[in-house]
Amino acid sequence: MSRTCAIDDCSNQARPGRRICHKHRHRFARHGDPDFTEWTVADEYDVEIVVERAQSVEGLTRLERVMVGRGLSRRGMPAAEVARIVGVDPRTVYRWRAEDRSAA
Ligand SMILES: [Zn+2]
């Protein structure tokens, strides 16, 4: 039975023989602070993983949520499903899409 990540509020599984999960190890290496959640910061590695797995995760920054929302939208995922994974209201997803269209 493996244990969960030692970071508070993180329910990811720790890597074998380690105390923290992949995401926090990566975040720690990148920023020096595993709880770093500055809104302008996005970890492209995290975003890629979330888009690829299409599973919700804890601890995304606001910018990461937007980026994941865009990535999933580009894959043709319905807004309600994107909203569930990213943890926002579906209206927020529609707003992101509208902003992307007007920016294009
Ligand atoms: Zn963790």
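The values are calculated or read from the model by the stated rules, or taken from the named source; none is laboratory data. Note that the coordinates shown come from a computational prediction; the quantities given were computed from them, not determined experimentally. A quick note on method: Cβ atoms are made from the backbone with ideal geometry, for glycine too, and the neighbour counts reach across all protein chains shown. Heads up: the accessible areas ignore ligands, DNA and RNA and are worked out on the full protein's heavy atoms, side chains in. Shrake-Rupley method; radii C 1.70, N 1.55, O 1.52, S 1.80 Å.
Values as computed for the structure displayed
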quantity	calculated
Top-ranked residue of the stretch 2-28 - restricted to ones that are at pLDDT 80 or above and aliphatic (A, V, I, L, M), ranked as nearest to GLN55 (Cα to Cα)	ALA14
Hits in the stretch 1-17 (condition: loosely packed, with under 15 Cβ neighbours inside 10 Å and in a loop (DSSP other than H, G, I, E, B))	MET1, SER2, ARG3, ALA6, ASP8, ASP9, SER11, ARG15, PRO16, GLY17
Residues of the stretch 80-95 satisfying the condition of being open to solvent by less than 90 Å² (accessible area, probe 1.4 Å) and under 16 Å from the mean Cα position of the chain (by Cα)	GLU81, VAL82, ALA83, ILE85, VAL86, GLY87, VAL88, ASP89, THR92, VAL93
